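Here is the structure we will look at.
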Amino acid sequence: MSTPRPDLAPGSGLSREEMEDLQREIASVAVFDDEFAFDPDALSNPLATTASTGDPPVVVGVDQSFLTNEDGDQDRALSAVLAMRGGEVVERVYAVTPLEIPYIPGLLSFREGGPILAALEELSVDPDLLLFDGSGRIHFRQAGIATHMGVVRDVPSIGVAKSLLCGTPRADTDDLPEGSTIAIESNSRVDAPDGTLVGYAVQTRQYDSPNQYINPLYVSSGHRVGPETAAEIVLELASSYKLPEPVRLADQYADEAKRELTE
DNA sequence: GCGACAG
DNA sequence: ATCTTGTCGC
């Protein structure tokens, strides 16, 4: 049985090497297998129940937008979290915090993790599952933002990225049929034995006939969710649009909240 | 040195 | 991520 690890939260004054060491530690305690009590096939079912509360499980989508300074510099991150239960939005909150470091591939959680944890603190409902815009195990040190946040809070989490950070698809991922998945395995850029299954390319939506293609999503385990289950959950939650509904709506809310503060 | 690089 | 209206195609 695992436990929250606030001691592994992204710090601000860390050197690059210290951040990478922390990621290796996070990966070592992360659980890349199913370890949760709800029914993954009924996340949008109003009648589903969770072992703990008796209500449908709470799925939370997380996304960020950025606020610019009077000089034109991005100086603050706005993290929006949106909670759904039984297919309905039950709560949405956001937090704004100063940006500490620039965007560096592989170190995303040290830029956006602080504001995300702050926003999650504002939530009154208890999340059963966290969905992130970004990678989980598909990461150089197997500790993308979904893994980092999932481990710190000890909540099951999934990474949903729109492009591939590292790893190699086991087959062509062009023009996949809707509902299909292609395994992503580790390559030399991933700190894992070559060929390790780290995630799936997931085609949630696709056009029927024309010469127009939709790219797949790259789904990976964050914490306490296995790769196959993660792919299944994303397919189930993305019945109307490419992105799973909690993430799509959090994305929308992050922009909406930004306008309120800007205009 | 060269290439790769979530948001 | 972000700057952003109209517009091509089903």
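The values are calculated or read from the model by the stated rules, or taken from the named source; none is laboratory data. All values derive from a computational prediction rather than experimental measurement. Methodologically, a virtual Cβ is constructed for each residue, glycine included, from the backbone with ideal geometry; neighbour enumeration extends over all protein chains shown. Heads up: the accessible areas ignore ligands, DNA and RNA and are worked out on the full protein's heavy atoms, side chains in. Shrake-Rupley method; radii C 1.70, N 1.55, O 1.52, S 1.80 Å.
See the values below:
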item: From the options A:Y253, A:Y207, A:Y218, A:Y200, residue that is among the aromatic types (F, W, Y) and either away from DNA strand B (no atom under 16 Å from the Cβ) or assigned to a loop (DSSP other than H, G, I, E, B) (or both); result: A:Y207
item: Restricting region A:210-238 to residues that are open to solvent by 10 Å² or more (accessible area, probe 1.4 Å) and in contact (Cβ under 8 Å) with a residue 60 or more places away in the chain, the residue that is farthest from A:P40 (Cα to Cα); result: A:Y218
item: Residue match in region A:54-70 (condition: over 17 Å from A:P127 (Cβ atoms), modelled with pLDDT of 85 or more and out of contact with any strand residue (DSSP E or B) (no Cβ under 9 Å at 6 or more places or on another chain)); result: yes
item: Sole exception among (1) open to solvent by less than 80 Å² (accessible area, probe 1.4 Å); (2) at pLDDT below 90 for A:L47, by number; result: (1)
item: Qualifying residues in region A:3-42 (those that are more than 17 Å from A:L117 (Cβ to Cβ) and among the hydroxyl-bearing types (S, T, Y)) - the one least open to solvent (accessible area, probe 1.4 Å); result: A:S15
item: Any chance A:V247 is in a helix (DSSP H, G or I) and within 14 Å of DNA strand B (Cβ to nearest atom); result: yes
item: Residues satisfying the stated conditions in region A:198-233, i.e. modelled with pLDDT of 95 or more and of a type in the set (D, E); result: A:E228, A:E232
item: Complete set of residues in region A:127-176 that are open to solvent by 20 Å² or more (accessible area, probe 1.4 Å) and within 16 Å of DNA strand C (Cβ to nearest atom); result: A:D133, A:K162, A:S163, A:L164, A:L165, A:D175
item: Residue check for A:V31: among the β-branched types (V, I, T), touching a residue at least 12 places away in the same chain (Cβ under 8 Å) and assigned to a loop (DSSP other than H, G, I, E, B); result: yes
item: Test: residue in region A:196-206 that is among the hydroxyl-bearing types (S, T, Y) and out of contact with any helix residue (DSSP H, G or I) (no Cβ under 7 Å at 6 or more places or on another chain); result: yes
